[in-house]
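Note sheet for the following structure.
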Amino acid sequence: MTGISILLIVVGLFLAGGVFSFVKQGLPRGVVLLLALSSAMCLLAGVLRIQGVWA
């Protein structure tokens, strides 16, 4: 497990917490959707790097 994969997973979890917070605050769905997509991409990239799909 490399440092970049850990960083991507941590950033993805941080953004996921932001999604939860933004939903509770009642922000527009477009902002929440954009944040959710970026969170999912960071988490997916981190997991793929751990599994060795990306070198």
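Are there any pairs with C-beta distances below 6 angstrom linking a residue in region 11-34 that is of a type in the set (Phe, Trp, Tyr) to a residue that is surrounded by 13 or more Cβ atoms within 10 Å (Cβ to Cβ) and part of a helix (DSSP H, G or I), with the two at least 6 apart or on different chains, and if so which?
PHE22/VAL32
Out of region 34-52, which residues are of a type in the set (A, V, I, L, M, F, W, C), within 20 Å of GLY3 (Cβ to Cβ) and more than 8 Å from the chain's Cα centre (by Cα)?
ALA45, VAL47, LEU48, ILE50
So which residues in region 1-38 are more than 22 Å from ILE50 (Cα to Cα) and of a type in the set (A, V, I, L, M)?
Matches in region 1-38: VAL19, VAL23, LEU27, VAL31, VAL32, LEU33, LEU34, LEU35.
Name the residue that is modelled with the lowest pLDDT, counting only residues in region 14-55 that are exposed (fewer than 12 other Cβ atoms within 10 Å of the Cβ) and not in a helix (DSSP H, G or I).
If we take residues in region 14-55 being exposed (fewer than 12 other Cβ atoms within 10 Å of the Cβ) and not in a helix (DSSP H, G or I), then ALA55 is modelled with the lowest pLDDT.
The values are calculated or read from the model by the stated rules, or taken from the named source; none is laboratory data. The model shown is predicted, which means the values in this text are computed figures rather than measured ones. Every residue, glycine as well, gets a Cβ built from its backbone with ideal geometry; the counts of neighbours run over all protein chains shown.
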